[in-house]
1. Residues that are over 16 Å from D173 (Cβ atoms): list the helices (runs of 4 or more DSSP H) wholly contained in the stretch 57-120 that include at least 2 such residues.
2. Which condition number in (1) modelled with pLDDT of 90 or more; (2) of a type in the set (G, A, S); (3) surrounded by 15 or more Cβ atoms within 10 Å (Cβ to Cβ) is the one that G174 fails?
3. Just to verify a result, which residue in the stretch 142-178, among those that are part of a helix (DSSP H, G or I) and charged (D, E, K, R), is nearest to A190 (Cα to Cα)?
4. Please indicate, with yes or no, whether at least one residue in the stretch 81-100 is at pLDDT 95 or above, closer than 28 Å to A203 by Cβ, out of contact with any Lys or Arg (no Cβ under 9 Å at 6 or more places or on another chain) and of a type in the set (D, E, K, R).
5. Only one of (1) exposed (fewer than 14 other Cβ atoms within 10 Å of the Cβ); (2) touching a Lys or Arg at 6+ places or on another chain (Cβ under 8 Å); (3) outside any loop (DSSP other than H, G, I, E, B) is not met by D133, so which one is it?
6. Among the residues of the stretch 161-184, count how many are touching a residue at least 24 places away in the same chain (Cβ under 8 Å) and under 15 Å from I196 (Cβ atoms).
7. Just for the stretch 1-22: of the residues that are among the acidic types (D, E) and at pLDDT 85 or above, which one is surrounded by the most Cβ atoms within 10 Å (Cβ to Cβ)?
8. Pull up the stretch 195-212, narrow it to residues that are loosely packed, with under 15 Cβ neighbours inside 10 Å and among the hydrophobic types (A, V, I, L, M, F, W, C), then point me to the one that is modelled with the lowest pLDDT.
Amino acid sequence: MVEPGTSRAARPREETARRREDILKAAVQVFGNKGYTKGSLGDIADIVGMTHAGVLHHFGTKDQLLLDVLVYRDQTDVEHLDGRQMPPGLELFRHLITTARLNESRRGVIQVFTVLSAESVTDNHPAKKFFHDRYEVLRGEVAEALVAICDQSDPPDTKAIDAAASAIIAVMDGLQVQWLLEQDSFELAAATAFAIEALLTAAVNGHPRRVL
């Protein structure tokens, strides 16, 4: 019997959404441990108790599953934010530090990002465009946030802002690699906060700005 207010069509849609998320979580685990090339659809299917064909039914191709995994991973970074959007100005830098703190409890999420971003520089990798576009957008967002926290009557040099944006992203990614290899050696969030503050200070170089 269908519950009042619930259509018969809603249940299959909900079940499909749950199955897709189960597959995405399994793919995060497999791609994070083995990479995209060595991680197989069979490995993913085994984790969720499905067949290889069953996984393809939901995502079509392995390449499409990879891209959906990357989108799913990015969504976990903003799921705690209003509107699930990157905040502007000073809040963006605070968000980056908060994300690093959250990542300390979700190793698989940063592992799959680290592995797949490194793999994406190889020839014909299906995620190359995704990561190219992701970094381009993120650099722009960080640069805009840096400009926003400065006194508009005395802004820092544009080249310094652009360099700081690239450096902040690179340092965060590099810290994640170190943390994955040696989690007990330092606190990821604390090191991220230190690096961001140091890079912002260097970029502003005496110009007035708001502080973290």
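1. 62-78, 89-103
2. Going through (1) modelled with pLDDT of 90 or more; (2) of a type in the set (G, A, S); (3) surrounded by 15 or more Cβ atoms within 10 Å (Cβ to Cβ) one by one, G174 breaks only (3).
3. Going through the stretch 142-178, the residues part of a helix (DSSP H, G or I) turn out to be 142-148, 158-178.
Next, only the ones that are charged (D, E, K, R) stay: 144, 159, 162, 173.
Working: E144: 24, K159: 27, D162: 24, D173: 14 Å.
Once the filter is applied, the top-ranked residue is D173.
4. No, that holds for no residue.
5. It is condition (2) that D133 fails.
6. 13
7. Step by step, filter the stretch 1-22, then rank; the result is D22.
8. Taking the stretch 195-212 first, the residues loosely packed, with under 15 Cβ neighbours inside 10 Å are 197-198, 201-202, 205-208, 210-212.
Now restrict to residues that are among the hydrophobic types (A, V, I, L, M, F, W, C): 198, 202, 211-212.
Details: A198: 92, A202: 87, V211: 69, L212: 63.
This residue is L212.
The values are calculated or read from the model by the stated rules, or taken from the named source; none is laboratory data. Small disclaimer: the values here were computed from a predicted structure and weren't measured. Every residue, glycine as well, gets a Cβ built from its backbone with ideal geometry; the counts of neighbours run over all protein chains shown.
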